[in-house]
Amino acid sequence: MPGIDKLPIEETLEDSPQTRSLLGVFEEDATAISNYMNQLYQAMHRIYDAQNELSAATHLTSKLLKEYEKQRFPLGGDDEVMSSTLQQFSKVIDELSSCHAVLSTQLADAMMFPITQFKERDLKEILTLKEVFQIASNDHDSAINRYSRLSKKRENDKVKYEVTEDVYTSRKKQHQTMMHYFCALNTLQYKKKIALLEPLLGYMQAQISFFKMGSENLNEQLEEFLTNIGTSVQNVRREMDSDVETMQQTIEDLEVASDPLYVPDPDPTKFPVNRNLTRKAGYLNARNKTGLVSSTWDRQFYFTQGGNLMSQARGDVAGGLAMDIDNCSVMAVDCEDRRYCFQITSFDGKKLVFFLL
């Protein structure tokens with residue numbers, strides 16, 4: 001690496017304009033370093049936060065895979081092959097989670113610690129020394145100003161002693177402060193390079209260590225397992241594609257065949273009534289009286305089961321008995337507010353009025 005620029009500490013007592021001008025360049029450089037390192041710190045902190053999040057998410061994924069066999073799915077809950085496969089995956093991911101946790105620790109120690117130290121300790125030290133030096137410089141200027149105003153005609157030994165002592169003290173303080181400030185600024189040129197390279201070195205070493213751990217965990221047995229799973233996934237995908245193609249064709253066929261049935265009054269010449277069905281099912285609207293002359297119509301699914309008429313609400317698992325229709329009579333009835341009405345009268349006199357739609 002090229003040589004390091006330095007402030008001349010031996011010229012601090014003289015405090016020439018050239019020295020102050022060079023100091024301004026170093027102070028400007030220190031400000032630029034601070035701004036850049038703050039941005040780099042934020043970027044590295046994002047890496048560190050992301051790694052911590054990845055470690056936590058990986059651990060949670062492994063935990064959820066382990067709990068799959070405890071889940072109660074309405075469909076396919078007893079798939080032992082899937083449970084066994086996910087258990088194997090959880091073991092592998094759990095090992096990866098441990099690797100991620102180690103990587104997080106290494107990033108904290110090898111990447112975040114050195115750049116945080118530089119940001120919180122070294123850069124703040126420069127700011128503190130700058131403030132102290134500025135105060136000392138102002139005090140020295142004030143002491144020199146008071147000394148220059150001493151009267152030659154009316155000398156006062158006491159005043160002259162106090163002013164002289166003040167100049168001595170302030171000049172000494174400025175000189176000492178300036179030397180320490182110059183030393184810190186010179187040292188910052190070295191620390192800047194260390195602060196840039198050491199976190200990057202730590203980051204790369206941590207990543208290499210992580211990849212080595214991952215490579216050790218990825219043995220031949222695991223590779224064979226992953227190959228088998230990949231083959232199974234492809235088989236499931238082909239089966240799914242075939243099933244989807246079949247279902248799509250079924251949908252197209254049903255759309256064509258069902259188109260005339262979408263109208264509420266299908267043409268009986270095209271769709272004759274089948275009177276030989278042993279079981280009938282469909283939606284009917286049943287009349288329920290709500291008063292002496294008022295009533296409502298409730299749409300529900302009905303089906304015959306043996307000698308019974310069953311009703312089943314949408315979403316119910318099973319139907320309930322609506323009425324016994326053995327030895328019943330069925331006849332068309334006129335309703336003022338509905339068409340296609342008919343009445344079923346059971347042997348015990350119970351009547352139900354429906355209309356079709």
- request: Could you please find all residues in the range 268-292 being in contact (Cβ under 8 Å) with a residue 12 or more places away in the chain and not in a strand (DSSP E or B)?
  value: Arg279, Lys280
query: Could we say that Val256 is outside the structural domain of Pro74 (by the TED database) and either of a type in the set (Gly, Ala, Ser) or open to solvent by less than 70 Å² (accessible area, probe 1.4 Å) (or both) here?
result: no
- request: Answer yes if at least one residue in the range 281-290 is under 28 Å from Pro266 (Cα atoms), out of contact with any Phe, Trp or Tyr (no Cβ under 8 Å at 6 or more places or on another chain) and open to solvent by 30 Å² or more (accessible area, probe 1.4 Å), and no otherwise.
  value: no
task: Please name all residue pairs, on different chains or six or more residues apart, with Cβ atoms under 7 Å, provided the first residue is in the range 56-70 and is in the same structural domain as Gln88 (by the TED database) and the second residue is open to solvent by 60 Å² or more (accessible area, probe 1.4 Å) and part of a helix (DSSP H, G or I).
output: Thr58/Leu96
task: Take Leu96 and decide whether it is more than 25 Å from the chain's Cα centre (by Cα) and not aromatic (Phe, Trp, Tyr).
output: no
message: Condition check: surrounded by 15 or more Cβ atoms within 10 Å (Cβ to Cβ) and under 58 Å from the mean Cα position of the chain (by Cα). Does Leu129 satisfy that?
response: yes
- prompt: What pairs can you find where one residue is in the range 140-151 and under 18 Å from Thr12 (Cα atoms), the other is in a helix (DSSP H, G or I) and of a type in the set (A, V, I, L, M), and their Cβ atoms are less than 9 Å apart, with a gap of 6+ or different chains?
  reply: His140/Val167; Ala143/Val163; Ala143/Val167; Ile144/Val167
query: In this structure, is Ala50 more than 28 Å from Leu188 (Cα to Cα) and modelled with pLDDT of 95 or more?
result: yes
task: Return only the number of the condition from (1) over 24 Å from Asp265 (Cβ atoms); (2) in a strand (DSSP E or B); (3) not aliphatic (A, V, I, L, M) that Asp348 does not satisfy.
output: (2)
task: Would you mind stating whether Thr177 is part of a helix (DSSP H, G or I), within 20 Å of Glu11 (Cβ to Cβ), open to solvent by less than 80 Å² (accessible area, probe 1.4 Å) and at pLDDT 90 or above?
output: yes
- line: Filter the range 5-46 for residues that are charged (D, E, K, R) and open to solvent by 70 Å² or more (accessible area, probe 1.4 Å); the one that is nearest to Leu201 (Cα to Cα) is Arg46
field: Within the range 293-341, tally of residues that are open to solvent by less than 50 Å² (accessible area, probe 1.4 Å), closer than 23 Å to Pro264 by Cα and in a loop (DSSP other than H, G, I, E, B)
entry: 3
- prompt: If you check Ser137, Ser97, which single one turns out to be polar (S, T, N, Q) and farther than 30 Å from Glu67 by Cα?
  reply: Ser137
task: Answer yes or no: is there a residue in the range 72-87 that is in contact (Cβ under 8 Å) with a residue 60 or more places away in the chain and in a helix (DSSP H, G or I).
output: yes
message: So in the range 342-357, with the set limited to residues that are more than 18 Å from Ser294 (Cβ to Cβ) and among the charged types (D, E, K, R), which one is surrounded by the most Cβ atoms within 10 Å (Cβ to Cβ)?
response: Lys350
- request: Could you check, for the range 124-136, whether at least one of its residues is under 21 Å from Asp15 (Cβ atoms), modelled with pLDDT under 95, in the same structural domain as Ala32 (by the TED database) and acidic (Asp, Glu)?
  value: no
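The values are calculated or read from the model by the stated rules, or taken from the named source; none is laboratory data. The shown structure was predicted, so the numbers you read here are calculated from the model rather than taken from an experiment. Glycine also receives a Cβ, built like all others from the backbone with ideal geometry; neighbour counts cover every protein chain displayed. Areas reflect the complete protein model, heavy atoms only, side chains present, ligands, DNA and RNA absent. Shrake-Rupley method; radii C 1.70, N 1.55, O 1.52, S 1.80 Å.
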